[in-house]
1. Ser211: net charge of surrounding residues, Cβ under 11 Å, Lys/Arg +1, Asp/Glu -1, itself excluded?
2. What net charge do the residues around Ser157 carry, taking every other residue with its C-beta under 13 Å from that of Ser157, with Lys and Arg at +1 and Asp and Glu at -1?
3. Which distance in nm do the two modelled labels at Asn28 and Glu175 give, with both placed 7 Å along the Cα-to-Cβ direction?
4. Multiply the residue gap between Asn232 and Thr258 by 0.36 nm, knock off their C-alpha separation, and tell me the result in nm, one decimal place.
5. If the chain between Arg69 and Asn88 were fully stretched, how many nm would it gain, using 0.36 nm times the residue separation less the Cα-Cα distance?
6. Starting from the Cα of Ile239, step 7 Å along the direction of its Cβ; do the same at Val151; then give the gap between the two resulting points in nm.
7. For segment 71-99 and segment 28-53, compute the distance between their C-alpha centroids and round to whole Å.
8. Sort 213-219, 180-186 by the packing proxy (mean of other Cβ within 10 Å over each peptide's residues), most packed first.
Amino acid sequence: MKKFPLIKIHAGKYRMAKTIISLFPDHNTYIEPFVGGGAVFFKKPKADVNVLNDINTDFITTYKVFRDRGPEIINKLNSSLFSRELYNKSCTILKDTSKHSDLDIAWAVIYSGSNSFRHKICNGFSSIGLDSRSGRIQLSVHYNYINSIHVQQGMLSNVTLENLDATDCIKKYDENGVLFYCDPPYINTECSGLGEYTQEDFINLLGALSSIKGKFVLSCFDNIQIREFLTNNTHWNVIECVKPAGMKVKKRSSGIKTELIVTNL
């Protein structure tokens, strides 16, 4: 059975996960400061110690519910039909989570992420149109995802969950033998519904990674900031990746953007 991300989000690394994981060195401790939907974590072999972090509180609530109350959330999702009415309900919950239980928040995050246009949470119901990447009907995509989601529960047992700023997470857990996989939001794009991820945020991340004791693998779009850091950190390695087959890449005035995988291995 396929190992889907727990939360379907825009710009996740599900189709790049195998390439990214193939670069990982042997490690006993694995940490994701930007776990997002968890596409890479759920595809890799589980380490002895695992820490998943995200600044989005709703995402971490979802992970906690799946870890600690798996059967409840799975039953709730399995009983949820594919409908615009339930989609609108999920978005209403996420607009003011203070009025709802953790179980309802987790359900809303997963349901809305699965059924939002381009998997941008609460970005509009995807209806039953064709999935743009594979041509499958969205209705069957929804049920295939929900029916397979129980696989993720076992991966979350004994996983430490944090709701910190990414750089604070790196500083808290850095030590020899740790592997960090960082997949920050693209610069000047929305950060998990919490506002834009800025150039300053990215520069702070690079600064934190430049002084760690552990190892890191970073995925990001090619940009001026990373190129400047590569000039000053000659022990960093970079791999340029084209978008995997099946992903649509739009041409812009600057040409097709290139995904970089940067490491200090």
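Just so it is clear, none of the values below were taken in a lab; they were calculated from the coordinates. Here the structure is a predicted model, which is why all the values come from computation and not from measurement. Please note: Cβ atoms are built from the backbone with ideal geometry, for glycine as well, and neighbour counts cover all protein chains shown.
1. Values: positive: Lys171, Lys213; negative: Asp174.
Here the charged neighbours net out to +1.
2. Details: positive: Lys46, Lys64, Arg67, Arg69; negative: Asp48, Asp68.
Net local charge, Ser157 excluded: +2.
3. Taking the two extended label points, one gets 0.9 nm.
4. Details: separation 26, 0.36 × 26 = 9.36 nm, distance 2.10 nm.
Fully extending the segment from Asn232 to Thr258 adds 7.3 nm.
5. Values: separation 19, 0.36 × 19 = 6.84 nm, distance 2.42 nm.
The span from Arg69 to Asn88 would gain 4.4 nm if fully extended.
6. 2.2 nm
7. Each part's Cα centre sits 26 Å from the other's.
8. Details: 213-219: 19.1, 180-186: 22.1.
Result, highest mean first: 180-186, 213-219.
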